[in-house]
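In what follows, a structure is listed as structure tokens, so that the remarks can point back to it.
The values are calculated or read from the model by the stated rules, or taken from the named source; none is laboratory data. What you see is a predicted model, and the numbers here were worked out from it, not measured in a lab. Cβ: placed from backbone, ideal geometry, glycine included. Neighbour counts: every protein chain shown.
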Amino acid sequence: MSEVTAHHDLEHGAHHDDHHESSWLTTYIFSQDHKMIAKQFLVTGIFWAFIGGLLSLFFRLQLAWPNETFPILESLLGSWAEGGKLSNEFYYALVTMHGTILVFFVLTAGLSGTFANFLIPLQIGARDMASPLMNMLSYWFFFAASVVLFLSFFIQTGPASGGWTAYPPLNGMRDIAINKGSGLGFDMWIGSMTLFIVGSTLGSLNYVATVINMRTKGMSFTKMPLVIWALMFTAVLGILAFPALLAACGLLEFDRLLGTSFYLNNIVINGDLQAYKGGSPLIFQHLFWFLGHPEVYIIIFPAMGIVSEVLSVHAKKPVFGYKAMILSLGAILVIGFFVWAHHMFVTGMSPTIGKVFVIFTLLIAIPSAIKVFNWITTIWRGNLRFTPPMMFAIGFVSLFISGGITGIHLGNSTIDIQLHDSYFVVGHFHIVMGVAAFFGMWAGVYQWFPKMFGRFMNPTLGYIHFWGSIIGGYMVFFPMHFMAGVPRRYYAFDQFQSFNNFTDVNVFMTLAAFLVFAAQIVFLINFFYSMFKGKEMTEDNLNPWGANTLEWTTSVHPGHGNWEGDLPEVHRWPYDYSTNGKEINPQNMPLGEGEEAH
Amino acid sequence: MGTTILALLAVVLFFTIIFFVAKASELSSIGKDANEEMESTSNLQGKLLFAFLILGLGAVAWSFFELGPRMLPQAASEHGVLIDDMFNITTVVAMLVFVLTHIALLSFAYMYRYRRDKQAYFFPHSNKLEMIWTVIPAIVLTFLVFRGISAWNQIFDFEKLEGNTEVLKFEATAKQFGWILRYPGPDGEFGNRIIDSEHINQMNELGIDWEDKNSHDDFFADEIVLVKGKPTIVKLGAQDVLHGFYLPHFRVKMDCVPGMPTQFMFTPAYTTQEYQALLSTKKYWQQINPETGNPKWQDFTFELACTELCGKSHFAMQKVVRVVTQEEYDKWVIEKNRSYYYSVINPDASPELVEVAPVELVVDSLLEVVDSTLMEVVAAH
């Protein structure tokens, strides 16, 4: 089946439809091939990661040297950094956009957009997604969201600057006297998020439909690779949680544009009582975190799935406790919807309600602990090949532990009184869902790069990338735990003698941030160079990592439709490593004589 | 400009060198046995991971010694001790998990690094093990939840102060970018606030009802003054956007929400002086502050900060907090100017005169003003 015509005949197999020519435009831009869409998500995600990382360097400069001037900043940012010093208004715009970009555009769209698209059809043995058109639209809504958000940097009042959490009333009134970024910049933020949610929902519905309906013969649910389970659960989370944010944003825009009072009550500005009556800012917080907390699982699930897969392949050992892994994911999915208010212990919510959320929040530590112990047992007595993806997978487990344990502090409302909105929180979530999720993503990129582009990335650059990222990442975020009572989102600390004890630590963290960024430059060089010039994958080495899953049964450059002949049939679970007298037993390999399916 | 270009060139050169070294190592591996290559790579990376374990644990231990003393010092309030204890217990548990799991993870990585002559051990599951690491975390977490919630109950048990007349009350209303601090005066009762556009204006941002006699001895302050050992309730609010009322040393934090009153209850355990004396015994606080030339503990003050992003000057909403004895507090209260006299009766009156004006007299004169105004209104109709 030729690459040109495959997608017209996914159902009919052999029947060819030759009159429709595929052009450069339909192959690379408006492609309906899940593999191309995955690459589009990946490249867009990498673009955003670069921007988001760059923004963090700007504000890290301010945090490290609040009294210095950097002329280069003025030449880069113009009036936002007059005299070479970031303005406080732009500082808040930077942290707001950094959060928005990293949470939504990189670690949601870039991560699950890439790997759900790429892996679901290839690993369950389907020719494409249930709806390739919807899949394409999902990317283009994301692209439109990206354009709107990107343009908001260039308007006069600047991008949104009221925090990525978009709390009203700061973001609830369209008044640039209150907050410069709450003018057009925030309208664009809302517009961008709306497009983003449409895109994400189209994608998620498609992923779930595909996993449920389009598994190849023999691919029962209990023979599915864990990464597919993780990606399907991610999609379910997205479908259930994102609409809450859409509703929250809609009402917020009503308050801003139409003068309603969903979130506003008795606002006094300069001694002038505003007409808003009867709303509550807490309602927005509830809606926001009803998405916002499941969102962290939307970010971490794909990474967990990828890591389970990568550890097992490179240890040549079945992932330990396959069913426990699925059940723990499922438990996190369900409990994850009942913990959102742990972000609100001291926002004025009733202390009685707080107690319920303490219980659910700490309950979630149990399935998380199960996963960690299972990963560690997976590598126990394995035969570990430390390829770059394996390094990142190990790094992920380390980071997930380090970031996860501090969740036990924060989930306990009593301790959270002191830690809420402090650097302890910044350290916690950057390690557990920022750096860790990135490690999952990189593990996935290094693992499936050969399948995506038919070429290998350079391993030495991969190791440099790994060590720079893990050492630098810990150096940036570990010291933040000692700043347990120091408030986050502070432009400078010189107004308080209580918070001014960490000047040199801030310098240290900024230098480490530059180290991490440098490691990412190494990754970028490696990624784009290898895409065109990397070592080629050959037909006699189609399964370079020695994996059991189906994607490695396709050709070097699989066309649209993935398999040239019939779809592969599945006979065994994906983790038959080092059994049956062989290191690998691919899923499509029939059971041997007397062998029982796992 | 010249240095910028030079720096850029240096950066480009740096990445170019890294790239070519990496590329060379890739080319040199062509033609070699892939398994042998993997064995030597895995050997190196496995050892590096083990070194990372040792150095990492060392760095963590070092950071506790180096950064620990810079953390906020011990709680200066009674309930704060509960929070600190909870924090410390949780940290011990967390560090135990952190160290043990990392030792396991990275030693296994080192021990089971790839060897050509070995095969992995097929070990897909064990219900017994799953049981162990479900039950143990469950027990530990139950303990933490139980302790946490019982502390939480104590901290938010407002009923325990009901009927207690010995409670110090004050009100903090946040706005961009400052705090309006109101004390109820000697009568211990705040004057009413009426939220409508008649009462709220630039002279009276809070909408204080001057006809409520309780308001007459209320006063505004530029600092928070508290009494050691005296239960304190702070009534919180916000004018424009969300703010957060945060007293770091007292472990007090609660958001200030426009249109929704919130509160927090705490008891200061030390006066500022006593707390300074406490710090003076600590090595970190004996260091000299280069700006003032004093030891750090001498410059110490308790502070109020904002912890909910509220706009461009969120980082600058500082007020000083002083904890004093009851006598000092009583003296301070008497010295303060009653906002009522300033705002309503005679803003230009000298503080001394205002201070001694008997409350009844002023009220009467105010009522007269009100009466005559009403008469005028009636007459006009």
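I need every pair where a residue in the stretch A:225-251 that is among the hydroxyl-bearing types (Ser, Thr, Tyr) has its Cβ under 6 Å from the Cβ of a residue that is part of a helix (DSSP H, G or I), sequence separation at least 6 or different chains.
A:THR234/A:SER112; A:THR234/A:ILE298; A:THR234/A:PHE301; A:THR234/A:PRO302
Keeping to the stretch A:555-597, report how many residues are of a type in the set (A, V, I, L, M, F, W, C) and without any contact (Cβ under 8 Å) to a residue 24 or more places away in the chain.
2
In the stretch B:182-199, what count of residues is obtained for those that are part of a loop (DSSP other than H, G, I, E, B), at pLDDT 90 or above, away from chain A (no Cβ under 14 Å) and surrounded by 16 or more Cβ atoms within 10 Å (Cβ to Cβ)?
3
I need a count of the residues in the stretch B:114-135 that are more than 8 Å from chain A (Cβ to nearest Cβ) and either without any contact (Cβ under 8 Å) to a residue 24 or more places away in the chain or in a helix (DSSP H, G or I) (or both).
6
So, A:PHE514, is that one crowded, with 18+ Cβ neighbours inside 10 Å and among the hydrophobic types (A, V, I, L, M, F, W, C) or not?
The answer is no for A:PHE514.
Any residue at all in the stretch A:483-492 that is facing another protein chain (nearest Cβ under 10 Å), in a helix (DSSP H, G or I) and among the aliphatic types (A, V, I, L, M)?
Checking the stretch A:483-492: at least one residue is facing another protein chain (nearest Cβ under 10 Å), in a helix (DSSP H, G or I) and among the aliphatic types (A, V, I, L, M).
Kindly provide the set of residues from the stretch A:248-281 that are aliphatic (A, V, I, L, M) and in a loop (DSSP other than H, G, I, E, B), ordered by number.
Of everything in the stretch A:248-281, those that are aliphatic (A, V, I, L, M) and in a loop (DSSP other than H, G, I, E, B) turn out to be A:LEU264, A:ILE267, A:ALA275.
Of the residues that sit in the stretch B:283-312 and are closer than 24 Å to A:ILE417 by Cβ and acidic (Asp, Glu), which one is farthest from the other protein chains (Cβ to nearest Cβ)?
B:GLU308
Please go through the stretch A:375-411 and give me each residue that is among the aliphatic types (A, V, I, L, M), more than 7 Å from chain B (Cβ to nearest Cβ) and closer than 19 Å to A:ALA315 by Cα, ordered by number.
A:MET390, A:ALA393
How about the stretch A:312-414: which helices (runs of 4 or more DSSP H) wholly inside it have at least 3 residues that are under 26 Å from B:MET86 (Cα atoms)?
A:351-363, A:365-379, A:388-411
For the stretch A:351-361, state whether one or more residues are touching a Gly at 6+ places or on another chain (Cβ under 8 Å), of a type in the set (Ser, Thr, Tyr) and crowded, with 24+ Cβ neighbours inside 10 Å.
Within the stretch A:351-361, one or more residues are touching a Gly at 6+ places or on another chain (Cβ under 8 Å), of a type in the set (Ser, Thr, Tyr) and crowded, with 24+ Cβ neighbours inside 10 Å.
Yes or no: B:GLY2 farther than 23 Å from A:PHE499 by Cβ, touching a strand residue (DSSP E or B) at 6+ places or on another chain (Cβ under 9 Å) and either at pLDDT below 95 or buried (at least 19 other Cβ atoms within 10 Å of the Cβ) (or both)?
no
Of the residues that make up the stretch A:285-304, is at least one within 12 Å of chain B (Cβ to nearest Cβ), farther than 29 Å from A:MET391 by Cβ and either free of Cβ contacts under 8 Å to residues at least 40 places away in the same chain or of a type outside the set (Gly, Ala, Ser) (or both)?
Within the stretch A:285-304, one or more residues are within 12 Å of chain B (Cβ to nearest Cβ), farther than 29 Å from A:MET391 by Cβ and either free of Cβ contacts under 8 Å to residues at least 40 places away in the same chain or of a type outside the set (Gly, Ala, Ser) (or both).
Do you know which of the residues in the stretch B:141-181 that are more than 21 Å from the chain's Cα centre (by Cα) and among the small types (Gly, Ala, Ser) is surrounded by the most Cβ atoms within 10 Å (Cβ to Cβ)?
Per the stated criteria, the residue is B:SER150.
For A:GLY546, state whether it is farther than 19 Å from A:ILE124 by Cα and in a loop (DSSP other than H, G, I, E, B).
No.
Identify all residues within the stretch A:518-533 that are within 17 Å of A:LYS39 (Cα to Cα) and within 20 Å of the chain's Cα centre (by Cα); write none if there are none.
Correct list: A:PHE523, A:LEU524, A:PHE527.
Would it be correct to say that B:LEU27 is out of contact with any Lys or Arg (no Cβ under 8 Å at 6 or more places or on another chain), closer than 30 Å to A:ASN500 by Cα, more than 8 Å from chain A (Cβ to nearest Cβ) and aliphatic (A, V, I, L, M)?
no
Picking from B:TRP285, B:TRP210, which residue would you name as being buried (at least 16 other Cβ atoms within 10 Å of the Cβ), in contact with a Leu (Cβ under 9 Å, 6 or more places away or on another chain) and more than 28 Å from A:LEU273 (Cβ to Cβ)?
B:TRP285
Report yes if some residue within the stretch B:76-83 is assigned to a helix (DSSP H, G or I), surrounded by 18 or more Cβ atoms within 10 Å (Cβ to Cβ) and free of Cβ contacts under 8 Å to residues at least 60 places away in the same chain; otherwise report no.
no
Can you tell me which residue among A:VAL346, A:VAL334, A:VAL339 is facing chain B (nearest Cβ under 10 Å) and either buried (at least 23 other Cβ atoms within 10 Å of the Cβ) or within 24 Å of B:VAL135 (Cα to Cα) (or both)?
Unique residue meeting the criteria: A:VAL346.
Please work out which residue is farthest from B:PHE302 (Cα to Cα), limiting yourself to the stretch B:65-75 and to residues that are surrounded by 15 or more Cβ atoms within 10 Å (Cβ to Cβ) and within 11 Å of chain A (Cβ to nearest Cβ).
B:LEU67
Just a yes or no: is a residue in the stretch A:439-448 buried (at least 23 other Cβ atoms within 10 Å of the Cβ), within 7 Å of chain B (Cβ to nearest Cβ), touching a Phe, Trp or Tyr at 6+ places or on another chain (Cβ under 9 Å) and not aromatic (Phe, Trp, Tyr)?
no
Which ones in the stretch A:118-173 are hydroxyl-bearing (Ser, Thr, Tyr), within 20 Å of the chain's Cα centre (by Cα) and in a helix (DSSP H, G or I)?
Once the filter is applied, which keeps residues that are hydroxyl-bearing (Ser, Thr, Tyr), within 20 Å of the chain's Cα centre (by Cα) and in a helix (DSSP H, G or I), the stretch A:118-173 yields A:SER138, A:TYR139, A:SER146.
Which ones in the stretch A:451-500 are without any contact (Cβ under 8 Å) to a residue 12 or more places away in the chain and surrounded by 22 or more Cβ atoms within 10 Å (Cβ to Cβ)?
Within the stretch A:451-500, A:TYR490 is the sole residue that qualifies.
For the stretch B:223-240, enumerate the residues that are farther than 27 Å from A:GLN274 by Cβ and either among the charged types (D, E, K, R) or not in a strand (DSSP E or B) (or both).
The answer is B:GLU223, B:LYS228, B:GLY229, B:LYS230, B:PRO231.
Restricting to the stretch B:158-172, give me the number of residues that are of a type in the set (S, T, N, Q) and closer than 9 Å to B:LYS235 by Cβ.
The number of residues fulfilling the criteria is 0.
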